[in-house]
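This report refers to the structure that appears directly beneath it.
The values are calculated or read from the model by the stated rules, or taken from the named source; none is laboratory data. As the structure is a prediction and not an experimental result, all values here were calculated from the model. A quick note on method: Cβ atoms are made from the backbone with ideal geometry, for glycine too, and the neighbour counts reach across all protein chains shown.
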Amino acid sequence: MAADPNKVFEKLKEFASDKNFEDKKELESGDAFLKLQTLMNTIGGDLVMHVNDFPKGTDVLTVITITTEPPIICHGSGMDSTTSRDVAALEVARKMCAMNGQNEDKKSED
C-alpha cells in the first residue's frame, strides 16, 4: 500500500529543513542518509534510490539518484562515505521539496 503523499511530503519538508542538519550541532554521523532511506521505504511504489560512492584522493564523493521523472541526482563529498552520503541525502530532500513546490504551483494555475 502506498503512503499518503501529503504525509510523505510533510516528513520530507521536516527532514529538508531540519535545523540540526543546518547547524550540525546534533547531527549524528549517518543520520541524514538513514532518514532518507527510511523515507524512501515509506514512499515505496516505483521510486528507487541508487547510491554510488567514489573515492577521490583523501575524500569520498557520493552520488544519489532517485528515479523520479526527471530523475533527481545529487552529490555530496566528505572525508568518508558516511559524511558524503549525509550531504548528498540532504540535497536530495531539498530538491524533492523544491520539485513538490513547483508541482503545487502548476496545479494552482490549472
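A few points about this structure:
- Residue count for segment 59-86 under the criterion of being among the hydrophobic types (A, V, I, L, M, F, W, C) and at pLDDT below 90: the result is 2.
- Pairing residues of segment 88-109 that are more than 26 Å from Val51 (Cα to Cα) and at pLDDT 60 or above with residues that are of a type in the set (A, V, I, L, M) and part of a helix (DSSP H, G or I), at Cβ distances under 7 Å and at least 6 apart in sequence or on separate chains, gives no pairs at all.
- In the condition set (1) in a loop (DSSP other than H, G, I, E, B); (2) touching a Leu at 6+ places or on another chain (Cβ under 6 Å), Thr68 is compliant with all but (2).
- The test for being basic (Lys, Arg) and either modelled with pLDDT of 75 or more or buried (at least 18 other Cβ atoms within 10 Å of the Cβ) (or both) does not hold for Lys19.
- Just one of (1) part of a helix (DSSP H, G or I); (2) modelled with pLDDT of 85 or more; (3) not acidic (Asp, Glu) fails for Val8. It is (2).
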